[in-house]
Amino acid sequence: MENLHLLGVGLGLGLIVIGAGMGIGRLAAAAAEGIARQPEASDKITAAVNLPLFLLEGVAILGEVFALLIVLMK
């Protein structure tokens with residue numbers, strides 16, 4: 001029972017990675033569909049997708065860092 005926090009960290013890391021992967025995949029799929037429908041707007045679509053992709057990846061990295069800090073602090 002003393003290492004129960006490690007189970008929580010492991011589950012948290014898994015959920016972070018799965019959630020970020022699903023979010024990035026859905027965003028990329030929507031961008032690809034938009035570009036396929038309107039190829040002339042590909043520059044605008046790509047520019048509009050970049051910021052949310054970077055923010056989502058940053059949140060995932062921060063979540064992983066916080067989870068690993070919990071392991072190191074215990």
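Each value in this text was obtained by applying a stated rule to the coordinates, not by laboratory testing. Given the structure is predicted, the values throughout are model-derived calculations rather than measurements. We place every Cβ from the backbone using ideal geometry, glycine too, and count neighbours over all the protein chains shown.
Here are the numbers for the structure shown:
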read-out	value
Filter result (under 14 Å from the mean Cα position of the chain (by Cα), among the β-branched types (Val, Ile, Thr) and more than 13 Å from GLY23 (Cα to Cα)) within the stretch 37-74	ILE61, VAL65
The stretch 1-54, subset of a type in the set (Val, Ile, Thr) and in contact (Cβ under 8 Å) with a residue 40 or more places away in the chain, residue nearest to LYS74 (Cα to Cα)	VAL9
Residue under evaluation SER42, criteria (1) surrounded by 13 or more Cβ atoms within 10 Å (Cβ to Cβ); (2) in a loop (DSSP other than H, G, I, E, B), criterion not met	(2)
Complete set of residues in the stretch 1-29 that are out of contact with any helix residue (DSSP H, G or I) (no Cβ under 8 Å at 6 or more places or on another chain), within 18 Å of LEU51 (Cα to Cα) and either among the hydrophobic types (A, V, I, L, M, F, W, C) or surrounded by 13 or more Cβ atoms within 10 Å (Cβ to Cβ) (or both)	MET22, ALA29
Among (1) within 30 Å of ASN3 (Cα to Cα); (2) exposed (fewer than 11 other Cβ atoms within 10 Å of the Cβ) - the single one ALA36 does not satisfy	(1)
